[in-house]
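Visitor: First the structure, which I've put down as structure tokens, then a few questions once you've had a look.
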Amino acid sequence: MDVKIEDSWKQVLHEEFKKPYFSEIVNFLKTEKNCGKIIYPTGTNIFNAFNKTAFGNVKVVILGQDPYHGYGQAHGLSFSVQPGVKLPPSLQNIFKEIKSDIGIENFSTGDLTPWAEKGVLLLNAALTVRDSEPMSHAKIGWAKFTDAVIKIVSDKKENVIFLLWGKFAQDKQILIDTDSHYVLKAAHPSPLSAHNGFFGCKHFSKTNEILIKHGQNPIDWKL
């Protein structure tokens, strides 16, 4: 199967693309479209996280759960929205924590592409969703694929910083070799939980401290 994905990811994930579950995902999405279902993000953006952050450039992983399910929002990067789209509540709280942690403010966009281009893999556990139906594609096989992505990053790289926000993301720690990587955990930035430990987690400054410690350039969290 010729999956249109950045070359370095195509190399490390080629075995996944051969597996039956991946063919089942592709067939499911084709059936959805043939039935007139609207799917987000658009096809060219499904693998946007990989296309914006080559495998060799991954320094940080921020794990989300499900793409935004409203029109014009999702573009394949966890927590990110397309330019000009109103900031979702969780992203507003992420920006509040960045301001509190490192003093950056006045975010004029929710498009996190600049983070991705600096080495932050913005990975959702499911890569597609049906319009207005949250979690509608959560059980079509994407979890197998994105779990494999996390495991491959863990196995083939060193000193990657995984930011796991909320129980769903933290359950993925089992896939990560914590002797070779860093795991920073906090509550989810959703308004329902942000006050239970996301605010004050200082993950953005801590991430940069770790990168500097290992001789890497820190992430410029400005957009």
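Visitor: Sort through 59, 118 and tell me the only one that's at pLDDT 95 or above and in contact with a Gly (Cβ under 6 Å, 6 or more places away or on another chain).
Guide: Details: 118 fails: in contact with a Gly (Cβ under 6 Å, 6 or more places away or on another chain).
None of the others qualify; the one that does is 59.
Visitor: Does residue 188 satisfy the condition of being in contact with a Gly (Cβ under 7 Å, 6 or more places away or on another chain) and either within 28 Å of residue 104 (Cβ to Cβ) or part of a helix (DSSP H, G or I) (or both)? Give the derivation first.
Guide: Details: in contact with a Gly (Cβ under 7 Å, 6 or more places away or on another chain): yes; either within 28 Å of residue 104 (Cβ to Cβ) or part of a helix (DSSP H, G or I) (or both): yes.
When the stated conditions are applied, residue 188 passes them.
Visitor: Then there is this: From the list 154, 108, which residue is at pLDDT 95 or above and either not acidic (Asp, Glu) or not in a loop (DSSP other than H, G, I, E, B) (or both)?
Guide: On the way: 108 fails: at pLDDT 95 or above.
Step by step, each of 154, 108 is checked, and only 154 is at pLDDT 95 or above and either not acidic (Asp, Glu) or not in a loop (DSSP other than H, G, I, E, B) (or both).
Visitor: Please verify whether residue 138 is hydrophobic (A, V, I, L, M, F, W, C), assigned to a loop (DSSP other than H, G, I, E, B) and either surrounded by 21 or more Cβ atoms within 10 Å (Cβ to Cβ) or touching a strand residue (DSSP E or B) at 6+ places or on another chain (Cβ under 9 Å) (or both), treating the condition exactly as stated. Step through it out loud before you land on a result.
Guide: Values: hydrophobic (A, V, I, L, M, F, W, C): yes; assigned to a loop (DSSP other than H, G, I, E, B): yes; either surrounded by 21 or more Cβ atoms within 10 Å (Cβ to Cβ) or touching a strand residue (DSSP E or B) at 6+ places or on another chain (Cβ under 9 Å) (or both): yes.
Considered against the rule, which asks whether it is hydrophobic (A, V, I, L, M, F, W, C), assigned to a loop (DSSP other than H, G, I, E, B) and either surrounded by 21 or more Cβ atoms within 10 Å (Cβ to Cβ) or touching a strand residue (DSSP E or B) at 6+ places or on another chain (Cβ under 9 Å) (or both), residue 138 comes out as yes.
Visitor: Considering each residue of the stretch 165-213, count those that are open to solvent by 70 Å² or more (accessible area, probe 1.4 Å), more than 17 Å from residue 123 (Cα to Cα) and of a type outside the set (Val, Ile, Thr), and give that number.
Guide: 9
Visitor: Same structure again: Any idea which of 169, 148 is in contact with a strand residue (DSSP E or B) (Cβ under 6 Å, 6 or more places away or on another chain) and in a helix (DSSP H, G or I)? Write out each step before concluding.
Guide: Details: 148 fails: in contact with a strand residue (DSSP E or B) (Cβ under 6 Å, 6 or more places away or on another chain).
Criteria check complete, one pass: 169.
Visitor: OK, next. Could you tell me how many of the residues in the stretch 44-102 are β-branched (Val, Ile, Thr) and touching an Asp or Glu at 6+ places or on another chain (Cβ under 9 Å)? Walk me through how you get there before you give the answer.
Guide: Of all residues in the stretch 44-102, those β-branched (Val, Ile, Thr) come to 44, 46, 53, 58, 60-62, 81, 85, 94, 98, 102.
Those still in the list that are touching an Asp or Glu at 6+ places or on another chain (Cβ under 9 Å) too: 53, 81, 85, 98.
The qualifying residues number 4.
Visitor: Check 109, 128, 113 and return the single one that is open to solvent by less than 10 Å² (accessible area, probe 1.4 Å) and either out of contact with any Gly (no Cβ under 9 Å at 6 or more places or on another chain) or polar (S, T, N, Q) (or both).
Guide: Numbers: 109 fails: open to solvent by less than 10 Å² (accessible area, probe 1.4 Å); 113 fails: open to solvent by less than 10 Å² (accessible area, probe 1.4 Å).
Just a single option satisfies the conditions, and that option is 128.
Visitor: Let me ask something else about it. Can you name the residue in the stretch 33-42 that is within 18 Å of residue 81 (Cβ to Cβ) and more than 16 Å from the chain's Cα centre (by Cα) and is also least open to solvent (accessible area, probe 1.4 Å) among such residues? Walk me through it before giving the result.
Guide: Going through the stretch 33-42, the residues within 18 Å of residue 81 (Cβ to Cβ) turn out to be 38-42.
After this cut, where a residue has to be more than 16 Å from the chain's Cα centre (by Cα) as well, the list is 38-39, 42.
On the way: 38: 92, 39: 23, 42: 80 Å².
Residue satisfying both the conditions and the ranking: 39.
Visitor: Kindly indicate whether any position in the stretch 87-102 is in a loop (DSSP other than H, G, I, E, B) and among the small types (Gly, Ala, Ser).
Guide: At the first step, the residues of the stretch 87-102 found to be in a loop (DSSP other than H, G, I, E, B) are 87-88.
Narrowing the set further to residues that are among the small types (Gly, Ala, Ser) leaves none.
Taking every residue of the stretch 87-102 in turn, none turns out to be in a loop (DSSP other than H, G, I, E, B) and among the small types (Gly, Ala, Ser).
Visitor: Sticking with this structure for a sec: Taking the stretch 1-54, which residues are within 21 Å of residue 122 (Cβ to Cβ) and among the basic types (Lys, Arg)?
Guide: Answer for the stretch 1-54, where residues must be within 21 Å of residue 122 (Cβ to Cβ) and among the basic types (Lys, Arg): 4, 10, 52.
Visitor: Separate question: Does residue 222 satisfy being touching a residue at least 60 places away in the same chain (Cβ under 8 Å), surrounded by fewer than 14 Cβ atoms within 10 Å (Cβ to Cβ) and touching a helix residue (DSSP H, G or I) at 6+ places or on another chain (Cβ under 9 Å)? Steps first, answer last, please.
Guide: Values: touching a residue at least 60 places away in the same chain (Cβ under 8 Å): yes; surrounded by fewer than 14 Cβ atoms within 10 Å (Cβ to Cβ): yes; touching a helix residue (DSSP H, G or I) at 6+ places or on another chain (Cβ under 9 Å): yes.
Considered against the rule, which asks whether it is touching a residue at least 60 places away in the same chain (Cβ under 8 Å), surrounded by fewer than 14 Cβ atoms within 10 Å (Cβ to Cβ) and touching a helix residue (DSSP H, G or I) at 6+ places or on another chain (Cβ under 9 Å), residue 222 comes out as yes.
Visitor: Can you pull out every residue in the stretch 27-62 that is assigned to a loop (DSSP other than H, G, I, E, B) and either hydroxyl-bearing (Ser, Thr, Tyr) or in contact (Cβ under 8 Å) with a residue 24 or more places away in the chain (or both)? So that I can check it myself, show each step before the final result.
Guide: Of all residues in the stretch 27-62, those assigned to a loop (DSSP other than H, G, I, E, B) come to 35-38, 41-42, 46-47, 53-54, 58-59.
Within the stretch 27-62, 37, 38, 41, 42, 46, 47, 53, 54, 58, 59 qualify.
Visitor: Which of the residues that make up the stretch 149-171 are of a type outside the set (Val, Ile, Thr) and either over 14 Å from the mean Cα position of the chain (by Cα) or closer than 11 Å to residue 58 by Cα (or both)?
Guide: Residues of the stretch 149-171 that are of a type outside the set (Val, Ile, Thr), as a first pass: 151, 154-159, 162-171.
Hits for the stretch 149-171 are 151, 154, 155, 156, 157, 158, 159, 162, 167, 171.
The values are calculated or read from the model by the stated rules, or taken from the named source; none is laboratory data. As the structure is a computational prediction, the values presented were derived from the model and not from experiment. A quick note on method: Cβ atoms are made from the backbone with ideal geometry, for glycine too, and the neighbour counts reach across all protein chains shown. The accessibility values were calculated without ligands, DNA or RNA, using every heavy atom of the protein model including side chains. Shrake-Rupley method; radii C 1.70, N 1.55, O 1.52, S 1.80 Å.
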